[in-house]
Structure formats: structure tokens, C-alpha cells
């Protein structure tokens, strides 16, 4: 389930009397190294043009947009997703469902180029990626549309909160949070690159080979010893570098893959929860049920019943 960013309760949708127009009302928080904007739309519209200063990370909060970006097919943009928009890139946006009772709401963080460069330089100097030929860098347009990770969502929520405070050290605190946001964004793009497109990188990226092995052996006893051997690294180094590159440990990745497989199997009408537990790589039914509820908010049985 995609992670969602929730605005603080003190920032409800704008009241009718506060609207400057029914399309793209904007609340702005300007800080030293970034500008955070909340856009709100109360009327269906098409091809609304928008351009932000600097590279921007945008995140859908409520409703639905259809995004038109240069050189890319149009796509649906939904809560729980983010889009990285290039510096001065023109967006054209459709709002097919926006109305007074259900406004569309989107968050945008426009980041100064120097801040991005300094953060990436720092990562490459002190915390290099596992493959020297692929240093830290923002990925290209093919990885601009992302499903938010819980880590990216949590950092965005903290950035909204600190941007709204009146703390005297607000800009300092916001600067640290923005730096974390950039790290989380880079990790999220790294996940898209290797977790989703690993087959293209099997011969050039050691973690692609590890991900391929995990996906092919989900029901096996997947030890960190075996995985680190595949990566040609010591166990401690493998564990540390994997988490640094992707923002989660190898064990957490295995659990997420098994839960995703469990959800796929639960959609099949003739499978039982006990059968799904084993086929997804879990060998303890009680553990599987507790873990599934922790991550999905309901038990496997309730999930299956909801689908049916």
C-alpha cells in the first residue's frame, strides 16, 4: 500500500471565502534553501500550466491529477505518489475530479540547485554507492514518477511541520530535514532502479544480482550470509551498504517481497491463508498474520474477504 503524506490538522482545505480562484490556489512557505507550496484546486480543469523555480519534488495529497510533462506520455497522479519535476520544466495538469466538496491538493518542494549539488557531493565523498561507476545522482525522467516509501513520506511530513513553525532556528532545522529528504529521494529512486528493473543490471550491479536471487528464492531460507556472498562482500559491509543505498535492510526487503507475494496470492479465490503463508515464504502462521496486519492494517483473512 503506498504511503501517504497527511497535512497537519491545522491545514484543512481552504474555505470558499479564502479562495483566490477555483483553480490552483497556492500557500507558500519560503525558507533559505527551498520553497514549500501547497496547491489546492476546487474545480475541474484541463491543461493548467505550472512552472516552479528550481528542481521540485511534488507529492499528491488528495484527489487525482493527470500530468502532462515534456517528452513523456500523460499519466494519472494519485495520493501516495511523487513526481520529480526538472528545473523550470513546464507542467500541464488536468483536474478531472476536483470540486468544492473534494478539492485536489498537492505539495511541492522547490529546492535550490546548490543545495542539491552539495548534498550529492557529500554523499559521494563520505558514503559512496556500492558501484563506483554509478555514483549518487538524481535519476532521469524515467524514474521521475515514484511510489512513496514510508521513509520519504515521514520526511515530507516533518518538512511540512517545520516549515510552519515560528521557531527561531526554523531555517537550520528545515535545512537538516531537507538534506534528509534528498537522501530519501535518492534512495527511493535507487529502489526503483534496482528492485523493479534488476534484470537490466545483473552484470553491472552486484545488488541487482542479490535482488534477482531473493525474488527467485522467496520460499527458501534466505540468510544474510548467502546474500553477502553473492555480493562478494563481508556480512557486515553488505548489511550496512545495502541499507545505505536503499534505506532499508536486506531482511526488511525480504519481508516486503514476501508480503507483496502474499497479497498477490490472497487475490486468488481458492487459496487459504495457511497456504498463502507457506507459498509466500513464511513458515509460521501466527507470525505471518501479525506481520501482515502490522504492514497492511488488517489480517490476511480480512484482506482476502475485502477483495472478495
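Here, each number is a calculation from the coordinates, and none is a lab measurement. The shown structure was predicted, so the numbers you read here are calculated from the model rather than taken from an experiment. Cβ coordinates were reconstructed from backbone atoms using ideal geometry, including for glycine residues, and neighbour counts include every protein chain displayed.
In table form, for the structure just shown:
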| item | result |
| --- | --- |
| P(r) of segment 29-101 over all Cα-Cα pairs, binned every 10 Å from zero, in whole percent | 18, 54, 26, 3 |
| Alpha-carbon spread of segment 16-196, three principal axes, descending order, Å | 51, 43, 27 |
| Residue order, fewest to most beta carbons within 10 Å, for 243, 304 | 243, 304 |
| Packing-based exposure ordering (other Cβ within 10 Å, fewest first) of 162, 172 | 172, 162 |
| Modelled FRET efficiency - R0 45 Å, residue 237 with residue 44, Cβ distances, 0.05 increments | 0.25 |
| Segment 199-308, relative contact order in percent, only Cα pairs under 8 angstrom and at least six apart counted | 19 |
| For peptides 146-153, 67-74, sequence by mean Cβ density within 10 Å, most packed first | 146-153, 67-74 |
| Burial ordering of 291, 100, fewest other beta-carbon atoms within 10 Å first | 100, 291 |
| Cut-off 13 Å (backbone N to label point 7 Å along Cα→Cβ of residue 206), residues of segment 118-150 | 129-133 |
| Shape of segment 199-308, Cα gyration tensor, a/c cut at 1.5 | prolate |
| Relative contact order computed over the chain (Cα-Cα under 8 Å; 6+ residues apart), in percent | 14 |
| Cα-projected label distance for residue 90 with residue 272, points at 7 Å along beta-carbon direction, nm | 6.1 |
| Estimated distance in nm for a label pair at residue 260 and residue 97, the labels positioned 7 Å out from Cα along Cα-to-Cβ | 2.4 |
| Theoretical gain in end-to-end length, residue 197 to residue 285 [0.36 nm per residue, Cα-Cα removed] | 28.6 nm |
| Length added when fully stretched, residue 229-residue 125, from 0.36 nm per residue minus Cα-Cα | 34.8 nm |
| Per principal axis, descending, Cα span of the chain in whole Å | 59, 51, 41 |
| Segment 137-211 and segment 255-308: distance between their alpha carbon centers, rounded to Å | 28 |
